[in-house]
Amino acid sequence: MTMEPMAELIPMTRELAARAAVIHAAAMADGLGGEAWGAPSLRSLLGTPGTVGWLANDAGLVMARAMAGESEILTIGVHPEYRRQGVAKALLAACYAVLPAMGAERLTLEVAIDNLPAQTLYRAEGFKRVGRRPDYYRRGSARIDALVMARWL
Ligand SMILES: CC(C)(COP(=O)(O)OP(=O)(O)OC[C@H]1O[C@@H](n2cnc3c(N)ncnc32)[C@H](O)[C@@H]1OP(=O)(O)O)[C@@H](O)C(=O)NCCC(=O)NCCS
């Protein structure tokens, strides 16, 4: 499948939470990126101050939060059928464009140490490793560390 033009990024609102949950479930199905969040979680997150997000039509989504001069990616995921077409790159670009106006100078994120696709994406986007959180993600009954990565905005 081919992604529609990137003009199709849609700012996320509470009304889009159910649609976002379907995309998130598909994006997180391989288990590398974390757990899928249901519509109620996404809806309540969107009611939290400083939280923004975008849908790339039904191909992917990102959510981020700005707070006290910093910002973080809360989640990012792309439907398996739409990967390697620049969707995640476009979603990150929306964050870089908006978060500075919300007072953020730096963008951080966590990524599982075995999530090589996401780590490759983030390195290509200029994120550098700044820390490690032990036992951050679940892998079945086990836990796995996360790398903390950051990029100046
Ligand atoms: C990681 C993820 C968001 C990437 O989404 P995507 O839309 O396919 O990424 P893009 O097409 O924008 O890729 C941009 C660059 O990232 C890197 N990249 C992305 N996926 C990659 C992969 N599977 N292997 C190697 N590099 C990859 C490449 O450098 C790529 O550029 P290129 O295609 O020109 O080589 C997607 O694979 C995903 O949803 N994974 C499951 C959820 C997840 O892990 N989320 C992140 C949690 S921290």
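Rule-based calculations on the coordinates, nothing more; no lab input. The model shown is predicted, which means the values in this text are computed figures rather than measured ones. For neighbour counting, all protein chains shown are included, and Cβ atoms are generated from backbone atoms with ideal geometry for every residue, glycine included.
The criterion of being of a type in the set (S, T, N, Q) and closer than 15 Å to A27 by Cβ does not hold for Q119.
Only one entry in Y82, Y96, Y122, Y136 is aromatic (F, W, Y) and more than 11 Å from the ligand (Cβ to nearest atom), namely Y96.
In the stretch 89-113, what residues are surrounded by fewer than 13 Cβ atoms within 10 Å (Cβ to Cβ) and in a loop (DSSP other than H, G, I, E, B)? The one that is surrounded by fewer than 13 Cβ atoms within 10 Å (Cβ to Cβ) and in a loop (DSSP other than H, G, I, E, B): E105.
Mind listing just one residue for me: the one in the stretch 114-153 that is among the small types (G, A, S) and surrounded by 16 or more Cβ atoms within 10 Å (Cβ to Cβ) and, of those, farthest from V62 (Cα to Cα)?
Taking the candidates together, the pick is A146.
The set of residues in the stretch 18-37 that are more than 15 Å from the ligand (Cβ to nearest atom) and either closer than 16 Å to A56 by Cβ or under 15 Å from the mean Cα position of the chain (by Cα) (or both) contains only R19. Can A56 be described as within 16 Å of the ligand (Cβ to nearest atom), closer than 21 Å to D114 by Cβ and not acidic (D, E)? No: the conditions fail for A56. For the stretch 68-79, enumerate the residues that are more than 10 Å from the ligand (Cβ to nearest atom) and either of a type in the set (S, T, N, Q) or more than 13 Å from L107 (Cβ to Cβ) (or both). Listed by number, the residues that qualify are A68, S71.
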